[in-house]
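Enquirer: Structure below; questions to follow.
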Amino acid sequence: MEILTQLLAGLGGAMTGANLLACLVGCLLGTIVGVLPGIGPSATVALLIPVAYVITPTSSLIMMLGVYAGAMYGGALTSILVNIPGEASSVMTAVDGYQMAKQGKGGVALVVSQVGSFIGGTLSIVGLMLIARPLADFALRFGPAEYFSLMAFALVLASTLVSDSPLRGIIGVVVGLLVATVGTDLQTGVPRFAFDIPELLDGIEDVIVIIGVFGVSEVLWYLATSRGREGTEKMDAGRWKPTAAEWRQSGWPMVRGTLVGFFTGVLAAGASLGSFLAYGLERRLSRTPERFGKGAIEGVASCETANNASTGGALIPLLTLGIPLSGTTAVLLSVLLMYGLRPGPNLMVEQAGLMWTVIASMYVANVLLLILNLPAVGLFVQILKIPLTFLMPIVLVFASVGALALNNNLFDIGLVFAFGVLGFGMRWLGFPTVSVVLGVVLGERLEQSLRQALMMSDNGPLTFVTKPISLFFLLLTAALVGLDLLARRRGHQAGEAA
Amino acid sequence: MVHRLALSLALLLAALPAPSPAAYPTQPIELIPAGDPGGGLDLHARMVEMVFQQEKLADKPFTVINKGAGGGNAATAYMVTKKGEGYQLQINTNRVLLNALKGTTKHTLKDMTPIARLTAEYEIWVVRADSPFKSARDVIARLKENPASIAFGIGTAPPATDHLNVIMPAKASGIDVTRLKVVAFRGAGDLATQILGGHVAVGSTSISELIANIDAGKLRPLAVSAPHRLERMKEVPTWKELGVDVELAHWRGVFGPPEMPREAQEYWQKKFAQMAGTRSWKEALAKNELMDAFAPAEQFQKELERDNVQFRELLGTLGMLAPAP
């Protein structure tokens with residue numbers, strides 16, 4: 001009850017003209033940033049810092065959180081329409097969303113992604129209100145050993161399942177893991193595979209690989225396969241209203257996506273991890289897993305819900321422990337400090353008024369984003385009416401601009417194209433390209449957690465089985481592999497019998 | 001008569017500050033933090049921008065451009081391309097020395113023009129409130145028995161200030177530093193959760209990252225690398241008080257491009273000295289738990305050279321020094 005009165009008071013604060021305007025501006029900016037690959041929410045929030053000098057702390061925080069939420073909504077647009085996920089957390093959206101667009105269901109995918117975003121975003125704030133403290137304490141139980149086992153689980157769940165051939169899937173992941181080792185090693189400070197190229201010292205950013213392997217390789221694929229069909233071919237804008245059956249298919253994935261996204265959001269690397277896990281879970285639970293990767297609406301629904309649900313989770317370590325675990329929350333922390341607010345164990349008590357206004361504004365932001373974006377779907381799907389001969393060069397421009405926007409460095413454009421060629425080659429040879437991306441995104445933390453855990457362990461690798469949470473995820477991983485092998489053997493036997 | 005005098009005086013006054021055609025600065029200044037948005041260097045750039053604005057010190061506006069790639073090397077590399085120009089200022093830290101020593105960049109102190117040191121943050125050893133370690137002496141005693149018996153957590157890849165804050169006190173206590181276990185985490189936030197969660201026995205990092213949890217009684221600082229006890233943490237002893245001859249600051253300073261014009265150098269030396277004296281600057285520092293450590297160019301340069309000698313020796317002991325070209 002107390003929470004409700006506080007929330008109502010907070011809503012009162014959030015609905016004032018100035019705050020509502022701040023929220024709207026933030027949401028619009030965030031959506032644009034989400035659409036543009038390469039420009040992330042953290043850089044945008046940092047750009048807004050000067051604005052924070054002229055408006056009140058509350059308004060500027062509201063605007064920044066609007067950007068944060070908006071970016072997660074916007075990320076779905078390019079993933080679905082042109083196969084360019086702007087960040088790691090919308091990779092899985094592209095996997096099925098773009099296929100849906102090719103089948104004339106781009107509008108449907110967009111509507112489902114926006115509604116899923118709304119549900120995930122809103123429910124995660126409820127979670128933030130109700131169980132922030134216990135969840136923060138739970139997150140603290142994740143040490144390197146636990147992270148390693150969780151990453152291994154995520155990799156197995158998501159990677160072996162996107163491919164019909166586990167071996168090809170694993171090879172894809174290994175390529176990704178190799179790419180993830182490029183750069184200065186965290187433990188020793190020694191550059192690995194950087195070949196004295198200064199741009200490689202910090203490693204290759206996830207987004208570079210993603211834009212290359214998805215966007216650019218799609219263009220190359222079109223070039224290689226479209227001979228004789230030039231000029232006329234285009235995708236179909238089609239209908240954009242999901243049918244009742246499509247809503248039913250999306251319902252449970254959204255619920256599960258919210259849960260997975262919210263809980264993983266509390267952890268480091270939350271948003272992308274959450275969307276991978278949610279996607280893997282749906283395919284695993286589905287009676288028709290073969291549809292995944294070929295335009296399954298459940299894939300889009302679960303992934304988009306999960307990455308938005310992670311925003312609520314990611315705020316928990318910041319607000320309850322004063323610890324930022326992502327770029328965006330780090331910038332938010334510096335803004336809070338600028339106003340003399342010190343996030344930490346006591347912030348929610350000492351600054352209850354401000355905090356509840358901000359939390360309430362997150363609800364408002366989600367409502368605004370849904371109102372803004374749903375009608376815009378009709379507009380965005382018009383992109384699909386552009387003949388592919390014209391659309392593909394635009395995709396290439398978009399990919400290049402996105403790569404350049406990352407660090408203002410031409411080298412990154414070169415890298416994007418290199419990964420485009422790699423993605424094309426792998427696709428040509430029948431390897432699932434999304435496995436590469438999975439390896440890149442999860443690889444660094446997987447490797448570092450492994451080494452951290454071993455360095456800190458008194459009894460070597462036993463640390464992974466003596467810690468209960470770690471053991472739990474390892475057993476889960478083993479069960480997954482076992483089930484797969486069993487199903488495969490049954491499949492073989494059935495095949496032989498027939 | 002009086003009128004005429006007044007008029008001619010007025011005319012004279014109006015004509016007096018007649019700007020020489022090349023009055024520096026004539027265009028906006030690029031302010032380049034050698035770190036990404038949200039980090040400490042970025043914060044410094046935003047603070048400088050804000051204080052120049054608030055205190056009306058800015059003759060031309062700043063454009064903040066983050067160049068954090070390559071462990072901050074991207075910022076210096078960019079500055080080198082602006083050799084002899086006067087419209088770029090980078091904000092960097094002792095990585096300018098460390099990166100050159102470990103060989104990830106060929107640009108050394110000679111390729112930059114120190115303008116001023118602005119702030120310093122001191123480093124602490126910190127444990128969870130329920131840790132058996134009550135004093136840094138307990139930790140040192142254990143290390144003397146077995147240097148590899150404690151895993152230290154740091155918030156960034158070695159060699160770095162967090163890392164030196166483990167090595168220097170251990171070395172000064174006569175411990176074999178090559179056997180120490182130092183585990184690096186990706187960022188101060190990551191490290192903080194690892195200490196709070198009880199996974200890391202002793203954390204070594206700068207104060208501001210952890211102060212909220214120290215104030216809340218969840219973490220206990222054991223020693224601080226400052227020359228004297230800090231106002232903010234009066235109960236925490238310095239290394240010197242503990243009988244360990246160590247002093248270490250994580251400073252942030254402003255550098256111009258190599259061969260920056262004399263005029264531009266003097267202009268910015270004066271401006272930053274002015275800025276450091278303002279109330280807005282002091283307030284901004286207090287809010288971010290930063291210590292004023294203003295040092296004018298000459299002193300800054302000397303201390304950089306002194307640090308460089310010390311770091312070279314330390315990295316040599318650890319086998320982290322780049323082979324001479």
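Throughout, read-outs are computed from the coordinates displayed, never taken from laboratory work. Keep in mind that this is a model prediction, so the values were computed, not measured. Using ideal geometry, Cβ is built from the backbone for each residue, glycine included, and neighbour counts are taken over all protein chains shown.
Enquirer: Enter the angle in degrees (range 0 to 90, nearest 10) between the Cα long axis of helix B:2-15 and the first principal axis of the Cα atoms of chain B, meaning the one along which they spread out most.
Expert: Taking the Cα atoms of chain B, the angle to B:2-15 is about 50 degrees.
Enquirer: Run through the DSSP bridge list for the protein assembly as shown and note the antiparallel percent, rounded to the nearest 5.
Expert: 65
Enquirer: Name the long-range amide H neighbours of B:Arg220: under 5 Å, sequence gap of 5 or more, or other chain; modelled H, no Pro or chain starts.
Expert: Amide H neighbours of B:Arg220: B:Val127, B:Arg128, B:Ala129.
Enquirer: For n ≥ 4 DSSP H runs only, could you compute -39500 (n - 2.57) per run for the protein assembly as shown, divide by its residues and tell me the 222 nm figure to the nearest 500?
Expert: So the helix-based figure for the protein assembly as shown works out to -19500 deg cm²/dmol.
Enquirer: Mind jotting down the distance between the C-alpha centroids of the range B:261-325 and the range A:164-180, whole Å?
Expert: 46
Enquirer: Here is a follow-up. Cα extents of the range B:59-217 along the three principal axes, largest first, in whole Å?
Expert: Largest to smallest, the principal-axis extents are 55, 35, 23 Å.
Enquirer: Continuing with this model, one more query. Normalise the Cα radius of gyration of the range B:160-240 by 2.2 N^0.38 Å (N = residues in it) and let me know the number.
Expert: Dividing the Cα Rg of the range B:160-240 by 2.2 N^0.38 Å gives 1.11.
Enquirer: Let me ask something else about it. Write out the trypsin sites (Lys or Arg not before Pro) in the range A:272-357 meeting two conditions: DSSP loop, and at most 16 other Cβ atoms within 10 Å of their Cβ.
Expert: Answer by residue number: A:Arg287, A:Lys294.
Enquirer: Per-residue mean of other chain beta-carbon atoms within 10 angstrom of the beta-carbon, peptide B:63-70?
Expert: 5
Enquirer: Taking amide H positions as placed in the peptide plane 1.01 Å from N, state which residues far from B:Val64 in sequence (5 or more) or on other chains have amide H under 5 Å from it.
Expert: Here B:Leu31 satisfy the definition.
Enquirer: A follow-up question, please. Just how many % of Cα pairs in the range A:24-88 lie over 19 Å apart, if you round to the nearest whole percent?
Expert: When all Cα pairs of the range A:24-88 are counted, 28 percent exceed 19 Å.
Enquirer: Quick one: check the C-alpha center-to-center distance for the range A:274-341 versus the range A:40-118, whole angstrom.
Expert: Distance between centres, Cα-based: 12 Å.
Enquirer: So for the range B:55-109, Kirkwood radius off the Cα pairs, Stokes-Einstein at 20 °C and 1.002 mPa s: how many µm² s⁻¹?
Expert: My calculation gives 172 µm²/s for D.
Enquirer: Same structure, new question: List, in order, the whole-Hz ³J(HN,Hα) value for each residue of the range A:105-114 obtained from phi through the Karplus relation with A = 6.51, B = -1.76, C = 1.60 and θ = phi - 60°; use x for Gly and Pro.
Expert: Per residue, the Karplus-derived 3J(HN,Hα) values read 10, x, x, 4, 4, 5, 4, 4, 5, 5 Hz.
Enquirer: Can you tell me the order of A:450-459, B:204-213, A:20-29 when each peptide is scored by its average per-residue count of other Cβ atoms within 10 angstrom, highest first?
Expert: B:204-213, A:20-29, A:450-459
Enquirer: Report Rg (one decimal) and Dmax (nearest whole number) for the range B:175-285, counting Cα atoms only, units Å.
Expert: For the range B:175-285, the Cα radius of gyration and maximum Cα-Cα distance read 18.7, 54 Å.
Enquirer: I've got another one for you. What does the structure give for A:181-190 when I average, per residue, the other chain Cβ atoms found within 10 Å of the residue Cβ?
Expert: 5
Enquirer: Same structure again: 5 Å is the cut-off here: which amide hydrogens, built 1.01 Å from N in the peptide plane, fall below it relative to A:Thr188, excluding neighbours closer than 5 in sequence?
Expert: Close amide H contacts, sequence-distant or interchain: none at all.
Enquirer: Same structure, new question: Taking just the C-alpha trace of chain B, give me its Rg and Dmax in Å.
Expert: Taking only Cα atoms of chain B, I get Rg and Dmax of 22.8, 93 Å.
Enquirer: Now for a separate question. Of chain B, which part is the longest with no trypsin sites (Lys or Arg not before Pro) in a loop (DSSP not H, G, I, E, B) and with at most 13 other C-beta atoms within 10 angstrom?
Expert: In chain B, the maximal stretch lacking such sites is B:135-233.
Enquirer: Quick one, can you get me the convex hull of the C-alpha atoms of the protein assembly as shown expressed as volume per residue in Å³?
Expert: Taking the convex hull of the Cα positions in the protein assembly as shown, it is 205 Å³ per residue.
Enquirer: Rounded to the nearest Å, what's the spacing between the alpha carbon centres of the range B:26-41 and the range A:358-402? Just the number, please.
Expert: Here the answer is 31 Å between Cα centres.
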